[in-house]
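What follows is calculated from the coordinates using simple rules that are stated; it is not laboratory data. Note that this is a predicted model, so its numbers are computed, not measured. Methodologically, a virtual Cβ is constructed for each residue, glycine included, from the backbone with ideal geometry; neighbour enumeration extends over all protein chains shown.
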Amino acid sequence: MKDQIILRVVAKLLTPYILLYAFYVQWHGDYGPGGGFQAGVIFAAGVVLYALIFGLSAARQAIRPGVVHAGISIGLLIYAGVGVANMLGGAAFLDYDTLGHHGQHWGILIVEWGVGVTVASVMISVFYMFAGLARS
């Protein structure tokens, strides 16, 4: 796509806004539609757009596969960590009331961040894997 200058310029302009919109959906998920899953998919779609226009190697340099694989584990640990913290407080797995006065709000927010990181990382990892298979 090196000769498609319009696509490259538009993708370079849109990609930051797509990623910013993913963060908006993540933060707005507490108060309206959206949350971790939707934000993760939107974030991954921004990376996929970047890879389709600028090439897989450019995307892998921007977000390295090691970071993506670490994101899968970190997101899962964030989600499970909130549940275990609740259990250590004497409640059920995701009973946020043990987290303090605003435990319900903070518990959901942290869990949604874990889901968002995991979903984005898994979707990017799957894309990297399938895009890499097409090359060989």
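For segment 1-59, a residue qualifies if it is within 27 Å of ILE110 (Cα to Cα) and of a type in the set (D, E, K, R), and exactly one does: ASP30. Could you say which residue among TYR79, TYR17, TYR21, TYR31 is out of contact with any His (no Cβ under 9 Å at 6 or more places or on another chain) and farther than 30 Å from GLY103 by Cα? Among TYR79, TYR17, TYR21, TYR31, only TYR17 is out of contact with any His (no Cβ under 9 Å at 6 or more places or on another chain) and farther than 30 Å from GLY103 by Cα. Scanning segment 22-37 for residues that are assigned to a helix (DSSP H, G or I) and under 16 Å from TYR79 (Cβ atoms) gives GLN26, GLY36, PHE37. Taken over segment 92-125, the criterion of being among the charged types (D, E, K, R) and either free of Cβ contacts under 8 Å to residues at least 40 places away in the same chain or outside any helix (DSSP H, G or I) (or both) is satisfied by ASP95, ASP97.
From the list GLY89, GLY81, GLY71, GLY75, the one residue that fits, being surrounded by 13 or more Cβ atoms within 10 Å (Cβ to Cβ), free of Cβ contacts under 8 Å to residues at least 40 places away in the same chain and under 23 Å from the mean Cα position of the chain (by Cα), is GLY81.
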